[in-house]
1. With a Förster radius of 22 Å, plug the Cβ-Cβ distance of Asp153 and Ala32 into 1/(1 + (r/R0)^6) and report the FRET value to the nearest 0.05.
2. Take the Cβ-Cβ distance between Arg133 and Ala52 as r, set R0 to 22 Å, and report the resulting FRET efficiency rounded to the nearest 0.05.
3. Just subtract the alpha-carbon distance of Ser44 and Ala80 from 0.36 nm times their residue separation and send over the number in nm, one decimal.
4. What is the magnitude of the charge dipole of region 39-79 about its Cα centre, with +1 placed on the Cβ of each Lys and Arg, -1 on the Cβ of each Asp and Glu, and no other charges, expressed in debye to the nearest 20?
5. Heavy-atom accessible area per residue, region 90-158, 1.4 Å probe: how many Å²?
6. With charges only on Cβ, +1 for K and R and -1 for D and E, what is the dipole size of region 71-129 about its Cα centre, in debye, rounded to 20?
7. Cβ neighbours within 10 Å, averaged per peptide: list 79-92, 36-49 in order, most packed at the top.
8. Just grab the label-to-label distance for Ala105 and Glu71, each label 7 Å out from Cα along the Cβ direction, in nm (one decimal).
Amino acid sequence: MKRILSVLVLPLLVGLLLTACAGSAEKKPLPAAEDLAKTMLESSVFDDELEAADADIAAYLYGLTETDGVEMLSWLSTGATAEEFSLFVCADDAVLKTVRESVDARLDFQKRTFADYAPDEVPKLEGAVVRVRDKVLVVCVAADPEKAAKLLDPYFPA
């Protein structure tokens, strides 16, 4: 029985290890935050035109302060849509955990808010692309979340 189990499980484990190694080798170096944002904003993933938000506004929207050990860059829609792109560079894992919780809370709040007055925007929020690599977190609420994910994949593998 042990022999049969090892014959079945060993190839599976080797396959998983090879897949994990192949994925990590394909990861590109993270671009500068502004360059990544430019790539996203110039793509066709958004229906609305996003505008850069001041750091204090972004901090308020995500329930953070600028002194929380996080650098934030955010581009927000005009308010007619739920679309946005934000990038957070965190000082350490504890800050990253706090930011992730704040992003989740904002997305939940936005879903409830848009459900009342613009229910067509809720699927964008449900399909939000949230990715983490090292201590960098990105969130992208877009009209085309699949394309947004593909643009982020080389830097933030799923």
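The values are calculated or read from the model by the stated rules, or taken from the named source; none is laboratory data. In this text the structure is predicted, and so the values were computed from the model without any measurement. Ideal geometry is used to build each Cβ from the backbone, glycine not excepted, and the neighbour counts take in all protein chains shown. The protein model used for the area step is the full one, side chains on, heavy atoms only, and it has no ligands, DNA or RNA in it. Shrake-Rupley method; radii C 1.70, N 1.55, O 1.52, S 1.80 Å.
1. Values: r = 18 Å, r/R0 = 0.83.
FRET efficiency, Asp153 to Ala32: 0.75.
2. Details: r = 22 Å, r/R0 = 1.02.
Result of the calculation: an efficiency of 0.50.
3. On the way: separation 36, 0.36 × 36 = 12.96 nm, distance 1.76 nm.
Stretched fully, the Ser44-Ala80 segment lengthens by 11.2 nm.
4. Values: 0 positive and 10 negative charges, 23 e Å.
Computed about the Cα centre, the dipole is about 100 debye.
5. On the way: 3500 Å² over 69 residues.
Heavy-atom SASA per residue in region 90-158 reads 51 Å².
6. Details: 6 positive and 12 negative charges, 12 e Å.
That gives region 71-129 a dipole magnitude of about 60 debye.
7. Working: 79-92: 19.2, 36-49: 15.9.
Averaged packing, sorted descending, gives the order 79-92, 36-49.
8. A separation of 2.4 nm, rounded to one decimal place.
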